[in-house]
Amino acid sequence: MSARELRFDINLSILFTELPLLDRPAAAAAAGFTEIELWWPFAGPTPADAELDALSRAIRDAGVDLVGLNFDAGDMPAGDRGLLSRPAASARFRANIDVATGFAASLGCRALNALYGNREPDVDPRAQDELALENLASAAAAADRIGAVVLIEALNTAENPRYPLVTAADAVAVVDKVNAETGLANTALLYDVYHLARNGEDLAAGIDAYADRFGHVQLADTPGRGQPGTGELDFEDLFRRLVAAGYTGRVGLEYKPVGPSADSFGRLRELRDIEGGAG
């Protein structure tokens with residue numbers, strides 16, 4: 001069993017950022033990838049049809065498939081990490097649900113990541129959690145209509161100090177609440193090995209405990225969030241464990257490349273024992 005048995009996609013919101021967004025799908029294809037994912041790539045929750053059409057056309061023309069998309073998570077560079085648990089931002093999230101699921105459906109994308117949102121200093125955490133459950137239930141219902149899953153992930157506290165989901169168990173607890181609330185069972189865990197490793201989590205134990213709950217896996221090396229081989233993680237072992245656990249979903253490359261994006265896939269190719277393309 002090896003990494004060859006895993007399916008890798010590339011996150012174009014963090015890789016190939018040296019290029020304009022509409023040029024990145026073609027760059028991913030040129031690097032050998034057939035599947036991509038994106039954070040919400042627009043400035044607001046309801047972009048103009050022309051913006052949606054331009055991105056859709058760039059993806060189709062490149063011959064790649066969109067396999068993962070974030071719901072609108074707010075102003076990420078300014079520190080936002082989701083909207084759905086924040087009272088002042090909740091309406092923005094709700095406005096985005098049908099737009100995001102509609103765009104995903106138009107491209108055959110069946111996984112939508114819903115970042116939970118930071119804790120607000122003047123809001124009762126219980127009230128935020130109640131709001132989150134309500135909004136996630138709405139998102140799950142919309143995703144169900146297109147045959148998609150909603151993903152919940154934990155983030156690391158060093159870079160995201162007000163984000164409340166910091167362990168795989170935290171995220172799974174939310175997954176369970178949403179599935180129980182909706183009865184749909186289409187909310188799943190996004191297992192991001194970078195964030196969890198930064199928080200000191202035992203990645204192998206998490207795979208053993210939750211692999212059957214994974215809706216998606218993402219990776220970057222720690223501590224610098226670079227490509228495999230730039231940090232401390234043993235990706236050969238992680239990939240072997242994912243395969244042994246029966247994981248058949250995708251593994252998203254969500255790292256900050258050290259150097260040009262096109263030159264960052266060497267260690268991954270070594271691990272997959274592939275000549276040529278990496279996807």
Checklist entry - So what's the back-of-envelope 222 nm ellipticity for the chain, counting only DSSP H runs of four-plus at -39500 (n - 2.57) apiece and dividing by all residues, rounded to 500? => result -11500 deg cm²/dmol
Checklist outcome for this item: So for segment 201-266, using the alpha carbon gyration tensor with a ≥ b ≥ c as root eigenvalues (a/c under 1.5 gives rounded; past that, a/b versus b/c decides prolate or oblate), I'd call it prolate
Next on the checklist: Assuming 0.36 nm per residue, please report the length gained on full extension of the stretch Ala209 to Ala30 beyond their Cα-Cα distance.
Outcome noted: 60.7 nm
Checklist entry - Can you give me the relative contact order of segment 8-109 as a percent, contacts being Cα pairs under 8 Å and 6 or more apart? => result 27
Item to check | Cα-based convex hull volume of the chain per residue, rounded to whole Å³ | outcome: 115
Item to check | Rounded to whole Hz, the Karplus (6.51, -1.76, 1.60) HN-Hα couplings of segment 243-257, x for glycine and proline | outcome: 5, 5, 7, x, 6, 10, x, 9, 10, x, 7, 10, 10, 8, x
Checklist outcome for this item: Neighbour-count ranking for Arg92, Arg4 (other C-beta within 10 angstrom, fewest to most) reads Arg4, Arg92
Checklist outcome for this item: In nm, the gap between the two label points placed 7 Å beyond Cα toward Cβ at Ala43 and Leu184 is 3.1
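The numbers here are math on the coordinates, done by the rules we state, and not lab data. A quick note: this is a predicted structure, and the numbers were derived from the prediction, not measured. Neighbour counts are summed over all protein chains in view; Cβ atoms, including those assigned to glycine, are modelled from backbone coordinates with ideal geometry.
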